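**Student:** First the structure, which I've put down as structure tokens, then a few questions once you've had a look.
The values are calculated or read from the model by the stated rules, or taken from the named source; none is laboratory data. What you see is a predicted model; the values in this text were computed from it and never measured. With ideal geometry, Cβ positions are generated from the backbone for all residues, glycine too; neighbour counts draw on all protein chains shown. Quick note on the areas: whole protein, heavy atoms, side chains included, nothing else; ligands and nucleic acids left out. Shrake-Rupley method; radii C 1.70, N 1.55, O 1.52, S 1.80 Å.
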Amino acid sequence: MSAPQVHPQTVEEVRSKADLYDVVSERVVLRKSGRDYKGLCPFHEDRSPSFFVSPSKQIYKCFSCSASGDVFKFLMEQDKSSFSETVLNLAQRYGITIRTVQPEQSAEYTRRLSKRQQLIEITELATQFYSYALHSERGQEAITYLKQRALTEKTVQKFRLGYAPEGWQSLYTYLVDQKRFPASLVEEAGLIVPRNGGQGYYDRFRNRLMIPIADGKGEIIAFGGRAFGDEQPKYLNSPETDLFQKGQTLFGLQEAKTAISRMDMAIVVEGYFDAIALHQVGITHAVATLGTALRADQVKQLLRYTESKRVILNFDADNAGVQAAERAIGELKDLVVKSGVQLRILNLPSGKDPDEYLRNHSPQSYLELVNTSPLWLDWQVERLFSGRDLGQAADFQLVSRDLVALLSDLPEGMGRTRYIHWVADRLSQGNGRLAVQLEDELRRRIRRHRWSGPAQKQQRESALSVCHRAEVQLLQIYLHSPEYREDIHQGLTEHDLEFSVLPHRQLWQKILQLREDIDPEADIVVSLRTLCAGDSELNSRLGQLLWLNENNRVALMRPHMVIRASIANLQLDQCERRYRYLSQLWDEASAKHDRVETQYFWEQISEEYQRINALKAHLTLKLGEDNEGPTYESETGAI
């Protein structure tokens, strides 16, 4: 059924009640900026916040791509939905009664909305049923279990914990036989399962401690069931339904959101009982994931309530917990880097989870660990160093390789510079001179690792332009200043250098041919033009080299310096290309765990690195000392 035409009065009621900040902050990380909020624009590839939301005016505006509008326009553009669909979705979200232009459409849409309301009613009644069962004789085992976990009655009531009795149709009897809900609707709520063969239903949850899961409005949308003995699975969750999607829900958010705003921080744990235990001791700004990797959409829900955008991941310190933290970082890295989220990782001592830790430690000691927890990047760096012997070449190279991959994800700036300096110091093990060399080496390898994409294309082109200019200057001096031809020939021959640009290489080959074929007194330029006359592209390039503008004339005024700088830049390019090739060979050897090849290529890389540094120093020193004319800083390019 297509969306009905909404009555103008309903449109105005939705417009007045829908909050633009509330809607946008679910999809964009917003920070306070005066009376407004700003963030990265969702309508284009925004690198710095240019998207502003005005709560007072209920409008948004991007000062980069010019996108603007109200809450209706935002959702229509984001969801590619019609105006009527957008109004209806917002009306459902804010509990607004729908009026349509045609009354019969209103009745049909009301029936569609009533299905969700019925599902919510079913889950609410199930919560009450489980709560009643917990406090009945049938719930004694569950009560004993709660006491063993040291949970108070106040906590039980706060989280509305309950008990799913033994028996195949306890809840079915209550909801279908007594409350007269259709079995198919109770099935859609995820509470009963059809028997094999289609003959009847049975309860999904049996003999389990029941933990209701609420949405952001406090409505129960799903359940988690905890087994008491060795029954598997230990935790059984509701299936995904029209009400419940695991990847978009956080346990305890309804109970935690006020405290998250007050503390300006959110703590994310792995298990229901970790979050419940934290709330019981007064640490109420904690939520839990639901057995899936933490996702960006879930974190965005938390960020709506914290101004500083601080999120603490306190996952278990065992292998599974560490892997979960790694997966979460991988999922959130783009959001964290671009939106300035303060993501921190907390591993409790002795590998404990929060529930275990709080049984023997005070809430204050837990909060102290929270406040000193490392940023996600610091945590990952420590993980890379952990268990490695930097005195062993293989371990040293594995750590440095992984550090390059990790730091390459950071944008250029002070943040990346600080981390490069820090890890270089760690790698050097206190050797100051080595730390400086390693820092330069890390920068070089990080730039090489990022050698792709639009920004990196500019870097590549910048490096290539240095070689291109060096070749142009050498050829122009050769053509216009005969007295320096031997210097150029000797410099290229001595260092076994070739021109990298094809027309330049072809011209140089023809020049070498003419050096052997014509009389030394003959005009090589005339002979070269004759030789190139049949090749239109080469002849055009030669003409460009023979034509001098103001900049070219300046180069000819200081030929010694330009020749030395150009030769050195070609050498530098050659060394850097050889360095990249050796690094690739080293990576392949490392991947094969071949210690002999790894050590050999590392020695070759180190030697090449020394040559590169010597060339750079030579360039800077010689150009600075030259007295032929004004000095300039040679561009050496970047890997």
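**Student:** Note down the relative contact order for the range 497-571 as a percent, whole number, built from C-alpha pairs under 8 angstrom at least six residues apart.
**Tutor:** Once divided by the residue count of the range 497-571, the mean separation gives 28 percent.
**Student:** To the nearest 10 square angstrom, how much accessible area does Glu153 have with a 1.4 angstrom probe?
**Tutor:** Accessible area of Glu153: about 90 Å².
**Student:** Using only DSSP helix segments of four residues or longer, with each worth -39500 (n - 2.57), what per-residue ellipticity at 222 nm results for the chain after dividing by its residue count and rounding to 500?
**Tutor:** Taken over the chain, the calculation gives -18000 deg cm²/dmol.
**Student:** Please list 3J(HN,Hα) in residue order for the range 41-48, calculated via the Karplus relation 6.51 cos²θ - 1.76 cosθ + 1.60 where θ = phi - 60°; whole Hz, with x for glycine and proline.
**Tutor:** 3J(HN,Hα) across the range 41-48, in whole Hz: 5, x, 9, 7, 6, 8, 9, 9.
**Student:** Let's see if you can work this out: charge +1 on each Lys and Arg Cβ, -1 on each Asp and Glu Cβ, no other charges. What is the dipole magnitude of the range 13-100 about its Cα centre, in debye to the nearest 20?
**Tutor:** In debye, rounded to 20, the range 13-100 gives about 260.
**Student:** Take the alpha carbon gyration tensor of the range 30-169, find the square roots of its eigenvalues, order them as a ≥ b ≥ c, and report rounded if a/c is under 1.5; if not, report prolate when a/b exceeds b/c, else oblate.
**Tutor:** oblate
**Student:** What ranking of Lys333, Lys234, Lys80 comes out by heavy-atom accessible area, probe 1.4 Å, highest first?
**Tutor:** Lys80, Lys234, Lys333
**Student:** Related question: Whole number in Å², please: accessible area per residue of the range 57-215, 1.4 Å probe, ligands, DNA and RNA not counted.
**Tutor:** The answer is 52 Å² per residue.
**Student:** My understanding is that a pair violates if its Cα-Cα distance is over 20 Å; which of Lys73/Lys257; Lys57/Lys309; Lys309/Lys333 do that in this structure?
**Tutor:** Lys73/Lys257; Lys57/Lys309
**Student:** Dipole of the chain (Lys/Arg Cβ +1, Asp/Glu Cβ -1, origin at the Cα centre): which of Leu542, Ile477, Phe396 lies farthest to the positive side?
**Tutor:** Value: Phe396.
**Student:** Here's another thing I want to ask about it. What is the extension gain from Arg505 to Thr152, computed as 0.36 nm multiplied by their sequence separation minus the C-alpha to C-alpha distance, in nm to one decimal?
**Tutor:** 118.8 nm
**Student:** Once the dipole of the range 492-587 is set up with Lys and Arg at +1 and Asp and Glu at -1 on Cβ about the Cα centre, which of Trp586, Phe499, Ile511 lies farthest towards its positive end?
**Tutor:** Trp586
**Student:** Given the alpha-carbon gyration tensor of the range 379-418, what are the semi-axes of its equivalent ellipsoid in whole angstrom, ordered largest first, with each equal to the square root of 5 times an eigenvalue?
**Tutor:** Working through the eigenvalues yields semi-axes of 22, 10, 8 Å.
**Student:** Which percent, to the nearest 5, of DSSP beta bridges fully inside the chain are antiparallel?
**Tutor:** Bridges in the chain are about 75 percent antiparallel.
**Student:** Could you compute the FRET efficiency for Lys73 and Ser114, with r as their C-beta to C-beta distance and R0 at 22 Å, rounded to 0.05?
**Tutor:** That pair, Lys73 with Ser114, gives E of 0.15.
**Student:** Which cross-chain or sequence-distant (5 or more) residues have an amide H under 5 Å from the amide H of Ile59, H modelled 1.01 Å from N in plane?
**Tutor:** Ser54
**Student:** Okay, moving on. Taking the Cβ of Arg529 as the center, what net charge do the other residues with Cβ under 12 Å away carry, scoring Lys and Arg +1 and Asp and Glu -1?
**Tutor:** 0
**Student:** Okay, moving on. Taking the alpha-carbon centroid of each part, what is the distance from the range 472-543 to the range 116-131 in angstrom?
**Tutor:** If we compute the Cα centre of each part, the gap is 87 Å.
**Student:** Please give the net charge around Lys57, taking every other residue with its beta carbon less than 12 angstrom from that of Lys57, where Lys and Arg add +1 and Asp and Glu add -1.
**Tutor:** Every neighbour counted, the sum reads 0.
**Student:** How would Asp203, Asp264, Asp409 line up by accessible area, probe 1.4 Å, largest first?
**Tutor:** Largest accessible area first, the residues go Asp409, Asp264, Asp203.
**Student:** Given 0.36 nm per residue, what is the gain on full extension from Lys32 to Lys17 after removing their alpha carbon distance, in nm?
**Tutor:** Roughly 3.2 nm would be gained on extension.
**Student:** Quick one: angle between helix 103-134 and the longest Cα principal axis of the chain, in degrees between 0 and 90, rounded to 10, please.
**Tutor:** The answer is roughly 70 degrees.
**Student:** Charges on Cβ only, +1 for Lys and Arg, -1 for Asp and Glu, centred on the Cα centroid of the chain; of Ser527, Leu619, Val6, which one is farthest towards the dipole's positive end?
**Tutor:** Val6
**Student:** How far apart, in nm, are two points set 7 Å out from the Cα along the Cα-to-Cβ line at Ser56 and at Val526?
**Tutor:** According to this spin-label approximation, the distance is 8.2 nm.
**Student:** Arrange the residues Lys154, Lys179 by how much accessible surface each exposes, largest first, with a 1.4 angstrom probe.
**Tutor:** Lys154, Lys179
**Student:** For the Cα atoms of the chain, what angle does the longest principal axis make with the long axis of helix 319-339, in degrees from 0 to 90, nearest 10?
**Tutor:** Around 70 degrees separate the two axes.
**Student:** Quick one: how many Å² of His449 are accessible to a 1.4 Å probe, rounded to 10?
**Tutor:** Estimated to the nearest 10 Å², His449 gives 100 Å².
**Student:** Mind checking the dipole of the range 1-53: about its Cα centre, +1 per Lys or Arg Cβ, -1 per Asp or Glu Cβ, Debye to the nearest 20?
**Tutor:** Around 240 debye, computed over the range 1-53.
**Student:** Taking the Cα centre of the chain as origin, work out the dipole magnitude from +1 charges on Lys and Arg Cβ and -1 charges on Asp and Glu Cβ, in debye rounded to 20.
**Tutor:** 2260 debye
**Student:** Please list the radius of gyration and Dmax for the range 5-58, considering alpha-carbon atoms only, with Å as the unit.
**Tutor:** For the range 5-58, the Cα-based Rg and Dmax read 13.4, 41 Å.
**Student:** Follow-up. Assuming a ≥ b ≥ c are the square roots of the Cα gyration tensor eigenvalues, decide whether the range 138-210 counts as rounded (a/c under 1.5), prolate (otherwise, with a/b larger than b/c) or oblate.
**Tutor:** Prolate.
**Student:** Mind checking the log10 I(q)/I(0) for the range 338-410 at q = 0.21, 0.28 Å⁻¹? Debye, one equal scatterer per Cα, no solvent, two decimals.
**Tutor:** -0.94, -1.22
**Student:** Say R0 is 41 Å: what FRET efficiency, to the nearest 0.05, do Thr417 and Ser465 get from their beta-carbon distance?
**Tutor:** Efficiency, from the Cβ-Cβ distance: 0.95.
**Student:** Please work out how much length the chain gains when fully extended from Gln169 to Val596, using 0.36 nm per residue of separation minus the C-alpha to C-alpha distance, in nm with one decimal.
**Tutor:** 147.0 nm
**Student:** While we're here: Got a sec to turn the phi values of the range 206-223 into Karplus ³J(HN,Hα) couplings, 6.51 cos²θ - 1.76 cosθ + 1.60 with θ = phi - 60°, whole Hz, x for Gly and Pro?
**Tutor:** 9, 6, 9, 6, 9, 10, x, 10, 9, 8, x, 9, x, 7, 6, 10, 6, 9
**Student:** Leaving ligands, DNA and RNA out of it, work out the accessible area of Met557 with a 1.4 Å probe and give it in Å² to the nearest 10.
**Tutor:** Estimated to the nearest 10 Å², Met557 gives 140 Å².
**Student:** Now for a separate question. Compute the signed sum of charges (Lys and Arg +1, Asp and Glu -1) over the other residues within less than 14 Å, Cβ to Cβ, of Asn319.
**Tutor:** With Lys, Arg at +1 and Asp, Glu at -1, the neighbours total -3.
**Student:** Answer rounded, prolate or oblate for the range 245-335, using the Cα gyration tensor with square roots of eigenvalues a ≥ b ≥ c: rounded when a/c is under 1.5, else prolate when a/b is larger than b/c, else oblate.
**Tutor:** Oblate is the answer for the range 245-335, as a/c is 1.5 or above yet b/c matches or exceeds a/b.
**Student:** Calculate how steeply helix 414-428 sits against the longest principal axis of the alpha-carbon atoms of the chain, using the helix alpha-carbon long axis, and give the answer as 0 to 90 degrees to the nearest 10.
**Tutor:** 80 degrees
**Student:** Still on this structure, please answer the following. Would you mind computing, in nm to one decimal, how far apart the modelled labels at Ala405 and Glu141 are, each placed 7 Å from Cα along Cα→Cβ?
**Tutor:** It is 4.7 nm.
**Student:** May I pose another question? Once amide H atoms are built 1.01 Å from N in the peptide plane, which residues 5 or more positions from Asn237, or in another chain, come under 5 Å H to H?
**Tutor:** Gly225
**Student:** Report, in cubic angstrom per residue, the convex hull volume of the C-alpha atoms of the chain.
**Tutor:** Roughly 259 Å³ of hull volume per residue.
**Student:** Here's another thing I want to ask about it. If r is the Cβ-Cβ distance from Glu516 to Glu603 and R0 is 45 Å, what FRET efficiency results, to the nearest 0.05?
**Tutor:** Rounded to the nearest 0.05, the efficiency is 0.65.
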